[in-house]
Amino acid sequence: MSNESVQLYYPSPEFVKNAAVSGMDAYKALCAEAEKDYEGYWARHARELITWQTPFTKVLDESEAPFYKWFTDGKLNVSYNCLDRNVEAGNGDKTAIIFEADDGQVTKVSYKELLSKVCKMANALKSMGVKKGDRVVIYLPMTVEGIVAMQACARIGATHSVVFGGFSAQSLRDRINDAGAVCLITSDGQFRGGKSIPLKPIADEAFSLGGCESVKNVIVFKRTGGEVSMTAGRDQWLHEVLASQPETCEPEWVEAEHPLFLLYTSGSTGKPKGVQHSTGGYLLQAIMTMKYSFDIKPADVFWCTADIGWVTGHTYITYGPLACGATEVVFEGVPTYPDAGRFWKMIQDHKASIFYTAPTAIRSLIKAADTNEAVHPKKYDLSSLRLLGSVGEPINPAAWEWYHQNVGGGRCPIVDTFWQTETGGHMITPMPGATPLVPGSCTLPFPGIQAAVVDETGSDVPWGQGGILVVKKPWPSMIRTIYGDPERFKKSYYPEDLGGTLYLAGDGAIRDAKTGYFTITGRIDDVLNVSGHRMGTMEIESALVAHEKVAEAAVVGRPDDLTGEAICAFVVLKGARPTGDEAKKVIKELQDWVGKEIGPIAKPKDIRFGENLPKTRSGKIMRRLLRSLAKGEEVTQDTSTLENPAILEQLKG
Ligand code: PRX
C-alpha cells in the first residue's frame, strides 16, 4: 500500500474544528507528551478523566514485569464513575440508554434510573453474600439488565465474567468452573430475529455436566416468559430478589488494580483463557478512547452494535459511553430482522450520531442492499451520523468505501479501530478529526501506545516490510494476567524469543513505507477470526474428536467474502470414509455437534473427509498444505516430506 496510489480521506474542516484531537499537530503533540514523560502522560489523563476516592501517587509499577500495575495506591469505583458522578453533575434526567428490543419496542433509561437499578441489583447480590473479589458469571441477552448486572458487580467489587449468550452448555460450564464463580445471572431466554431462544435450560445443562459446584445462587431474569425449571435453594427470579432491595448502595471503593472483569477468549492452544482486567487502568482507556477515537460529545447518540458478551460490548457499551455521560443505543436483536434495513432505521429513529459496527455486518448489509433497494441505506435519513467506526477484523477497502459513501454520506470519518480482548481499548486507530484515512488501514497508534512491527527476534523491521505486531511499553488498560494461569500469560504475551519485554498481539502487520500507517495482515497463530469472532482451531478440533465417529481432525481457516474467514475442517472418521449422501449426513451431524459443544459460531462451514490427514514422516499434520486445500488452491508446496501424498486428492473440496 502506497499513499501515492490510494485516495486519502480528510475530515471536514468543521469536524476538525470541534474535534477533541483537532488536526495532526494535536495528535502529534499528544504522542510527544507521552514520548517525553510516559507515566506523566497517562497520569495526567487519569487525574482529569477519572473521579478517584483516593488519588493515586504511583503511576506505573514494573517491579513484577510483565505483570504490570498502574495507579496502585489509588482507589475508585467504576460504577460510581459511570453513574453517580453523572447524576451528581446534574445529568440525572439525561437518557443513558435507549434500548430497542428485538420486536422494536423502545425503552429509555435515564442516568438516575440506571443508578437506582444498579444499586438494587448490587444490594441483591450483597444479600446473597456476594462480596468484593467474588466472581459472578453473567449469561444474559443484550438487554438493559445485562449492563445493570455488570455495573452492579463493579459497584460491589465483584469480578464479572460475561459469557456470550450464543455459547453452549459446555462452554458455559468451562467458564464457570475456571472462574470459580459463586453466582450466575441468566435469563429464561432471549429474543433474536423474532425467535425466542432458551437460555436457562442451557445453564441447567451446564450444571448437570458437573463442575459448577462453586455457584451458590442463580438469578433468573424473566425475558421471554419461556418455561423454565427452578432449583429450590439455588435459583431465584430476578424480579423477586429485587422487590425488597433499597435503591441506594454505597459503592465499594477498590484499589486501581482490583480485577473488574474476566473475559474468556480463544488462544492458539488449550481451552479459552480468562483475560483479567483491572479497574483503574481499564476505565482510563475506556474513557480516553471514547474521547479521542470517538470524539464523544454531550449531545452525541452513540451506538455500538456489539454484544456485551465480547470485549467491545464491555468497553464501548457497558463502561466507556456511560463513564462519559453519553446517551447510547442498546440493541437486543440482529441486523437482518425484520429486514436488513434494521440498522439504518434505528440510526434514523434514534438520531444516532456515532455508529460502531463490524465489517462482517457491513458486508452482509451491502449484499442485502444490492438485491433489495428497500433496505439500502439511501432509503433512510442518516443525516444524524457524524462518525463511523469499524472493529473486530480487517475491513476490506470496498466495504470501507461503501460504508463511507452510503452510510456516512461521504462526510463521516471512519475509525478503523484495531484492538483485542487483551488490550481493553483501542490500540491503533485514526483520530477522526486529525488522521487522513486510507481504506483498509487502521492508520496510527492511539496517542501513547508504542505499537511496532518486528521480526522473529524482536528487532524492528523497516517500514514497508511485514512482520509481527508488538507493543513496546505497558499501557494502563492492558491484560493483567490469565486468570489462574500466570505462566500461560507470560508465555502467550511476553515470549522469550522476542526478548520477554514486548507484548505480542498475535497479529501480523505492515507499515506503509511512506506514512508508517499500519495495516493488520491477520493472525499469525492458530486463531481464526470468523465474523469478527475469535476461535481457536484447537478448540474446534477437540470438539470434533470428542464425537464418537471421529478419529482425527484438523481445522484451518480460509478466506470468505462475507465472514472474513471461514472454518474448514479435515476429518478422519473411525469407520470408512463417507461419500455422497452419507457424507452430507455426517457433515451435518458434525456441524451440529460442534454447535452444541462450543456454540453455533464455531460450526465449520466446510468439512472434508479423508482416510488420513497429510502428515510428515514424523507424524506432524501439514497445516500449510491444508490451508491451500481449504482455499481450493493447487498445492504448490513441496510435498516430498509427505508420508501419504495420495491423501491430498481426497481432501480437495
Ligand atoms: O486479529 C485481530 C482482529 O481481532 C483480534 C482480536 O479479537 P478479540 O479479542 O475478539 O477482539 C475483537 C474486538 C476488539 C485481533 O487480534 N481485529 C480486531 N480489530 C481489528 C482486527 N483486525 C484488523 N483490523 C481491526 N480493526
Sort region 205-247 into rounded, prolate or oblate with this rule: let a ≥ b ≥ c be the square roots of the eigenvalues of the Cα gyration tensor; rounded if a/c is under 1.5, and if a/c is not under 1.5, prolate when a/b is larger than b/c, oblate otherwise. oblate
Normalised by the number of residues in the chain, what is the relative contact order in percent for Cα pairs under 8 Å and 6+ residues apart? 13 percent
Pull up the cross-link candidates among the lysines for Lys112, meaning alpha carbon to alpha carbon under 16 Å and not fewer than 8 places away within one chain. Lys94, Lys120
Region 191-342: Lys pairs at Cα distance under 26 angstrom, eight or more positions apart or on different chains: 7
Under the classification rounded if a/c is under 1.5, otherwise prolate if a/b is larger than b/c and oblate if not, where does region 3-113 fall, given a ≥ b ≥ c as square roots of the Cα gyration tensor eigenvalues? oblate
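Please compute the length gained on full extension between Lys472 and Lys222, using 0.36 nm multiplied by the number of residues separating them and subtracting their Cα-Cα distance.
Length difference between fully extended and current span is 85.3 nm.
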For region 590-646, with +1 on Lys and Arg beta carbons and -1 on Asp and Glu, the positive-most of Val594, Leu629, Asn612 along the dipole: Val594
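When only Cα pairs under 8 Å and 6 or more residues apart are kept, what is the percent relative contact order across region 104-202?
Working: 128 pairs, mean separation 28.5, N = 99.
Computed value for region 104-202: 29 percent relative contact order.
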Here the cysteines of the chain lacking a cysteine partner under 4.7 Å (Cβ to Cβ) are Cys31, Cys82, Cys153, Cys183, Cys212, Cys304, Cys324, Cys412, Cys442, Cys568
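How large a share of the accessible area of region 1-157, in percent, is made up of carbon and sulfur atoms when the probe is 1.4 Å and the other protein chains stay in place?
C and S atoms contribute 49 percent here.
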Could you give the dipole magnitude of the chain about its Cα centre, charging the beta-carbon of Lys and Arg +1 and that of Asp and Glu -1, in debye to the nearest 20? 440 debye
Averaged per residue, what accessible area in Å² does the chain show with a 1.4 Å probe, protein chains only? 37 Å²
For Lys75, give me every one of the lysines with a C-alpha distance below 22 angstrom, ignoring sequence neighbours fewer than eight places off in its own chain. Lys58, Lys126, Lys131, Lys132
If amide H atoms are modeled at 1.01 Å from N in the peptide plane, then the residues at a separation of 5 or more from Phe164, or on another chain, having amide H under 5 Å from its own are none
Grab the other residues whose beta carbon is less than 13 angstrom from that of Thr72, score K and R as +1, D and E as -1, and report the net. -3
Determine the dipole magnitude for region 157-229: charges of +1 sit on the beta-carbon of Lys and Arg, -1 on that of Asp and Glu, nothing else is charged, the reference point is the Cα centre, and the result goes in debye to the nearest 20. 280 debye
Tell me the mean residue ellipticity at 222 nm calculated for the chain from its helices only (DSSP H runs of n ≥ 4, each -39500 (n - 2.57), averaged over every residue, nearest 500). -8000 deg cm²/dmol
In region 457-497 the accessible area split gives carbon plus sulfur, as whole percent at 1.4 Å, a share of 53 percent
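The values are calculated or read from the model by the stated rules, or taken from the named source; none is laboratory data. Given the structure is predicted, the values throughout are model-derived calculations rather than measurements. Neighbour counts are summed over all protein chains in view; Cβ atoms, including those assigned to glycine, are modelled from backbone coordinates with ideal geometry. Ligands, DNA and RNA are excluded from the accessible area calculation, which covers all protein heavy atoms including side chains. Shrake-Rupley method; radii C 1.70, N 1.55, O 1.52, S 1.80 Å.
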